[in-house]
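Beneath this line is the structure, given in structure tokens, with notes to follow.
The values are calculated or read from the model by the stated rules, or taken from the named source; none is laboratory data. From a predicted model like this one, the values you see are computed outputs, not experimental measurements. All Cβ positions, even for glycine, are placed from backbone atoms using ideal geometry, and neighbour counts span all protein chains on display. Accessible surface areas use protein heavy atoms only, side chains included; no ligands, DNA or RNA. Shrake-Rupley method; radii C 1.70, N 1.55, O 1.52, S 1.80 Å.
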Amino acid sequence: MRLQPPPGRPRSALLATALVGLVDVDPATAFAETPSPAPAASPAATPDPAATAGATATPEAAPTPVPSPGTTAEPAGPTPSSTPSATSTPSATTPTTAGRAPAQRAAAGARALTLRVTSSGSPVAGRFYQDIGRYAFSGNATGLAAGTTITVHRRAAAGKTWTQVAAASLVDDAFSARLPVTSMGRFVFVATTGGAPGSGDELASAAVTVEVADATTSLDEPAARVDALKKPALTGSIVPARAGVEVHLDVKVGSRWRHQATATTNAAGKFRVAFGHRVGTLARYTLRATTHAPNRDRWDVSGSRTLTRVAVLNAVVTRTTAAEVAKTWRKGCPVGRSKLSTITMNYYGRDKTMHRGVLIIRTDLVPEIRRAFGDGLDARFPLAKMDNPNVYGGNDPKQMAANNTSGFNCRKVVGNPYAQSPHSYGTAIDITPVQNPYRDSKGKWWPSNGKSYIDRSPLRFGMLGASSPVTKQLKKDGFFWGGLWNPGRDYQHFEYRR
């Protein structure tokens, strides 16, 4: 159409009017280009309802741009985990496209990135534990080319430095990767199209916050004092509970820890292990339990516990069996087997450790024997052996030479084949014969390897005297001590005379 001037107006005036009309047009409508959308400044994340037991997403302020080198995690399949997860979503403060021109809104919605963080291989679904299982990263992208590298960055919740921890390529607008869980604490994750969050014009997901709980090994408090000859059962547990975990029981020796025993946890995460280190030794022990971390070369260590091995008599009295007197009783002996009792009890050895022995005595004298040997144990009076005389075929010279402490033995007096020994009645005991030798009526000393102990002053380790705890208690309970005989001497011998 051609412009025609109205009647009475020149064509030049019409041209000026048209130019003024062009100047009055809104520049935003007539000439403006649709701008590229600016990167979102770390939009906040809204928790996934399914993630209440696991990772949680919380709003994050714009991160300080501190790029740092990262490591690439192993890729995983694109199928999202069914485990509860933390998922990034835009926050209320994220810039929207409302109020923009249609062309601007179309461009702004063309590029987007999301991030989900789930737990993989955790014993508790949806939970993260130190050094157990893996982070499973996944997400979707809009407006990005296939094969675009997506990087995942992490920082401590209270920190500012970002570290790249994973990388994956887009496949069908999705990405996924995995990373072993290591340190415990609270961490923030963000996915970007390259570079640390806030370091440039990269596209970034909303931040996802994850809590990693401590995986612990615990050793229960044992009994403070235990029989030195026992192997007490120690118990404990691991968190999170799981079966088949190997637990080491360590004992402190000097300044170092030494592995002592191994146990395996049950389905409830509990374990039980016997403490058999240096059985019989009277000492205080410091113990701990340890487990090896699955994800790295690190041992999780329990708190230390202590127990003390102590000297206790722990006397057990039973009826004497025929087998127990097979070599020491025969028909015609002055006491029947039915009137005998076998006392099995602990004793302090000449090696200064605890041992367990057997003494057969007439049943009515059991309380007296228990009192005397209990006092001797409290005073750490040492015994070399306490074997059943059956071991020596009932031969008294042999068991004296072996330094054996014994009671009942139906036999004649050593050195006098015409006299019946008080041991035949179950009313006599001999204690440490080598350190306490016997001189018969002819002046011969028994055993021959005890001659160095004929001199009784001073009393040495294992030698009996009138003031020895065992001697004093037995005398109080009606026993006569052979060390008072004259001219003969029988320092090992006690016999009941009431």
Rg and Dmax [Cα atoms of the range 403-453; Å; Rg one decimal, Dmax integer]:
11.1, 31
Which shape class applies to the range 326-410: rounded if a/c is under 1.5, otherwise prolate when a/b exceeds b/c and oblate if not, where a ≥ b ≥ c are the square roots of the Cα gyration tensor eigenvalues?
oblate
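With 28 Å as the limit, write out which pairs from 270/352; 231/476; 352/451 have Cα-Cα distances beyond it, or answer none. Don't skip to the answer; put the middle values down first.
Values: 270/352 36 Å; 231/476 36 Å; 352/451 23 Å.
Going by Cα-Cα distance, 270/352; 231/476 fall outside the 28 Å limit.
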Evaluate the distance, in nm, between pseudo-label points positioned 7 Å from the Cα of residue 241 and of residue 441 along their respective Cα→Cβ axes.
7.6
At a Cα cut-off below 29 Å, give the lysines reachable from residue 444, other chains included and same-chain residues fewer than 8 away excluded.
327, 385, 398, 412, 472, 475
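Indicate the gyration tensor shape class of the range 181-266 (rounded, prolate or oblate), computed on the Cα atoms with a ≥ b ≥ c the square roots of the eigenvalues: a/c under 1.5 is rounded; otherwise a/b larger than b/c is prolate and the rest oblate.
Numbers: a/c = 4.37, a/b = 3.33, b/c = 1.31.
Prolate.
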Just reorder 454, 361 by solvent-accessible area, largest first, 1.4 Å probe, all chains present.
454, 361
Give the span of the range 261-324's Cα atoms along each principal axis, as three whole-Å numbers ordered largest to smallest.
61, 29, 17
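Return the loop-located chymotrypsin sites (Phe, Trp or Tyr not before Pro) in the range 431-470 (DSSP other than H, G, I, E, B) with at most 13 other Cβ atoms within 10 Å of their own Cβ; answer none if there are none.
Values: sites: 438, 445, 453, 461; in loops: 461.
Passing both the DSSP loop test and the Cβ count: 461.
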Relative to a virtual label point 7 Å from the Cα of residue 418 in the Cα→beta-carbon direction, which members of the range 439-477 show backbone nitrogen distances below 17 Å?
440-443
